[in-house]
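The values are calculated or read from the model by the stated rules, or taken from the named source; none is laboratory data. Since the model is a prediction, treat every value here as computed from it, not as a measurement. Here the Cβ is made from the backbone with ideal geometry for all residues, glycine too, and neighbour counts use every protein chain on show. With ligands, DNA and RNA removed, areas are computed over all heavy atoms of the protein, side chains included. Shrake-Rupley method; radii C 1.70, N 1.55, O 1.52, S 1.80 Å.
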Amino acid sequence: MKRDGRSFDHQTLEAITADGGRARAGRRGSILGHRVLRFSRTTIYKWLAAAAKPGIGLKALVSRPAPGRPRTLSPRQEQQVLPLINGRDPRQYGLDFGLWTRSVVASLIERKFGVRLGLTAVGELLAKLGLTPQKPLQRAYQRDPEGDREMAARNISGHRAAGASGRRRGLFLGRVGISRGHRARQTWGVKGQTPVVERPGQRQSISAASAVNSKGAFWYCTYQGGLDAELFVVLMRRMMRHRTKPVHLVVDGLPAHKTALVKAYVASTDGLLTLHFLPGYAPELNPDELVWSHVKRTGVARTPLRKGEKLKDKVEAQLAALKKTPRLVRSFFMAPSVVYITDW
């Protein structure tokens, strides 16, 4: 069986050709190379002819590096691509699309350096620069992150000063909708045969609200449908049941939180409950959002419902377990986005 020299690396092939070159005794050498080294006679004759050149000898059989196709962009230009992309929006350069794709990057490179790269070359360049395709987080363009954080910090400081006696408790309220629909992302299967993942056909959904503070306190309830002013008052009544200490409740700017009905209920508590609002378009300033992110990552999203299981029972069981883990609740206040909250 003949060998294919293309299957060897440069170092191995160089050693083999050197052995063949040393046996350059005319026909005897070609036969030896053909039988022992198991290469074709044509290949052996090429080695012998190269080694027989005067003044060169076996040096002609030394392997040479294969440089490959030269770079289209210089190393310096390649490094300039990273700051052009990282943390920037394509629309800043007059491009139409708001996400970085290989074709958009290729258009930018052509505009900046006058070089047109193919999609494969752009993908290799992005990987070389340490960039990977990722799903972006959504942020409202109206936001002022630094201003929002400073405003929230001032509000929290003012509320804490108002309750300096230690009798007041601060809580951050959040809500979420959870659906039974478990979406299978990716799995392994035989090529050409799409795997089938069984899931319950009947759709279930549940809404939930919770309130947390930096001490590890956790309150929750579940309900059906969307949140309006009437339902929000019902939830606040549930939360305030059996409470004797005044509560600062921090909520987002949902219109249902600011209605006359809600204001009337808050006033009826005679200072036992006060509402305070986070800046608009800044859900990351609410630590309760981290609670629901954790619930969705570790609950129904990880273990879809089985036949006969109820979504409400499963969600309430997870929230009950979370209530018994104040250490986990306190850990949500360590996220960089909510470090402005201290001892409240």
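Condition check: part of a helix (DSSP H, G or I) and either touching a His at 6+ places or on another chain (Cβ under 9 Å) or under 25 Å from Pro336 (Cβ atoms) (or both). Does Asp313 satisfy that? Working first, answer last.
On the way: part of a helix (DSSP H, G or I): yes; either touching a His at 6+ places or on another chain (Cβ under 9 Å) or under 25 Å from Pro336 (Cβ atoms) (or both): no.
Criteria not met by Asp313.
Quick one: which of Gly189, Gly226 is open to solvent by 40 Å² or more (accessible area, probe 1.4 Å), at pLDDT 80 or above, more than 22 Å from Gly170 (Cβ to Cβ) and outside any helix (DSSP H, G or I)?
Values: Gly189 fails: at pLDDT 80 or above.
Every option except Gly226 fails the conditions.
What pairs come up if the first residue lies in region 94-113 and is touching a residue at least 40 places away in the same chain (Cβ under 8 Å), the second is open to solvent by less than 60 Å² (accessible area, probe 1.4 Å), and their beta carbons are under 7 Å apart, counting only those six or more places apart or on different chains?
Phe113/Leu73; Phe113/Gln77
If you check Thr274 against the conditions, is it over 30 Å from Ala321 (Cβ atoms) and in a strand (DSSP E or B)? So that I can check it myself, show each step before the final result.
On the way: over 30 Å from Ala321 (Cβ atoms): yes; in a strand (DSSP E or B): yes.
So Thr274 passes the test.
Residue check: is Leu272 under 15 Å from Leu171 (Cβ atoms) and surrounded by fewer than 16 Cβ atoms within 10 Å (Cβ to Cβ)?
Details: under 15 Å from Leu171 (Cβ atoms): yes; surrounded by fewer than 16 Cβ atoms within 10 Å (Cβ to Cβ): yes.
Considered against the rule, which asks whether it is under 15 Å from Leu171 (Cβ atoms) and surrounded by fewer than 16 Cβ atoms within 10 Å (Cβ to Cβ), Leu272 comes out as yes.
Kindly provide the set of residues from region 246-268 that are closer than 27 Å to Ser214 by Cβ and among the hydrophobic types (A, V, I, L, M, F, W, C), ordered by number.
Val247, Leu249, Val250, Val251, Leu254, Ala256, Val262, Val266
Pick out the one residue from Ser331, Ser337 that is assigned to a helix (DSSP H, G or I), of a type outside the set (Val, Ile, Thr), farther than 19 Å from Met239 by Cα and at pLDDT 90 or above. Spell out the reasoning first.
Numbers: Ser337 fails: at pLDDT 90 or above.
Ser331 is the lone residue from the list that is assigned to a helix (DSSP H, G or I), of a type outside the set (Val, Ile, Thr), farther than 19 Å from Met239 by Cα and at pLDDT 90 or above.
Please work out if Val339 is of a type in the set (Val, Ile, Thr), open to solvent by 30 Å² or more (accessible area, probe 1.4 Å) and under 24 Å from the mean Cα position of the chain (by Cα).
Details: of a type in the set (Val, Ile, Thr): yes; open to solvent by 30 Å² or more (accessible area, probe 1.4 Å): yes; under 24 Å from the mean Cα position of the chain (by Cα): yes.
Yes, satisfied.
Going through region 269-291 one residue at a time, which ones are of a type outside the set (A, V, I, L, M, F, W, C) and touching a Lys or Arg at 6+ places or on another chain (Cβ under 7 Å)? It would help to see each step written out before you state the result.
Here is the first cut: in region 269-291, the residues of a type outside the set (A, V, I, L, M, F, W, C) are 269-271, 274, 276, 279-281, 283-284, 286-289.
Listed by number, the list holds a single entry, Tyr281.
Looking at region 298-315, can you tell me whether even one residue there is farther than 18 Å from Ser207 by Cα, at pLDDT 85 or above and crowded, with 19+ Cβ neighbours inside 10 Å? Walk me through it before giving the result.
Initially, region 298-315 is screened for residues farther than 18 Å from Ser207 by Cα, giving 302-303, 306-308.
Next cut, at pLDDT 85 or above only: none.
No - not one qualifying residue is present in region 298-315.
Can you pull out every residue in region 65-79 that is open to solvent by 70 Å² or more (accessible area, probe 1.4 Å), modelled with pLDDT of 80 or more and not basic (Lys, Arg)?
Of all residues in region 65-79, those open to solvent by 70 Å² or more (accessible area, probe 1.4 Å) come to 65-67, 69-72, 75-76, 79.
Within this subset, residues satisfying the condition of being modelled with pLDDT of 80 or more are 72, 75-76, 79.
Residues satisfying the conditions are Thr72, Pro75, Gln79.
Out of (1) open to solvent by less than 30 Å² (accessible area, probe 1.4 Å); (2) on the phi > 0 side of the Ramachandran plot, the odd one out for Ala256 is which?
Of the numbered conditions (1) open to solvent by less than 30 Å² (accessible area, probe 1.4 Å); (2) on the phi > 0 side of the Ramachandran plot, the odd one out for Ala256 is (2).
Arg241 versus (1) modelled with pLDDT of 90 or more; (2) surrounded by 13 or more Cβ atoms within 10 Å (Cβ to Cβ): which is the lone unmet condition?
Result: Arg241 fails condition (2) only.
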